[in-house]
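Everything on this sheet refers to the single structure shown next.
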Amino acid sequence: MDGPSEAVRSAAERLFDTMTDIMSAGVEAGAYDARDVGRLTLALAATVQGISALVASRRITTPQGEALIDDAITLFLARSSTER
């Protein structure tokens, strides 16, 4: 079996870059320590990927997935505010 196509790899890289940019913006805003960007980016990516897999497999509805993304963002933000 071949690996993912170049288009899929490229899209994944762009998504990971975007998530890294989001976490880096949190560092600039004082929400996170710069040392945590890699770990937090992986946590965000895993969260989004997991929710996407649940929607794609029809284990949850799209609106439920959207609500979970909102909840995840809220938790990330709440965690950052308690660590400052």
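Coordinate-derived values only; no laboratory data. Just so you know, these numbers come straight off a predicted model, no measurement behind them. All Cβ positions, glycine included, derive from the backbone under ideal geometry; neighbour counts span all protein chains shown.
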Item to check | Hits in the range 22-38 (condition: part of a helix (DSSP H, G or I) and more than 11 Å from the chain's Cα centre (by Cα)) | outcome: Ser24, Ala25, Gly26, Val27, Glu28, Ala34, Arg35, Asp36, Val37, Gly38
Checklist outcome for this item: Screening Phe16, Phe76 for residues that are surrounded by 16 or more Cβ atoms within 10 Å (Cβ to Cβ) and either in contact with a Cys (Cβ under 8 Å, 6 or more places away or on another chain) or part of a helix (DSSP H, G or I) (or both) leaves only Phe76
Checklist entry - Got at least one residue in the range 20-43 being under 25 Å from Thr62 (Cα atoms), small (Gly, Ala, Ser) and surrounded by 11 or more Cβ atoms within 10 Å (Cβ to Cβ)? => result yes
Checklist outcome for this item: Going through the range 5-32 in order, the residues found to be more than 19 Å from Val48 (Cα to Cα) and either free of Cβ contacts under 8 Å to residues at least 40 places away in the same chain or in contact with a strand residue (DSSP E or B) (Cβ under 7 Å, 6 or more places away or on another chain) (or both) are Ser5, Glu6, Ala7, Val27, Glu28, Ala29
Checklist entry - In the range 41-67, which residues are more than 14 Å from Leu15 (Cα to Cα) and under 11 Å from the mean Cα position of the chain (by Cα)? => result Gly50, Ile51
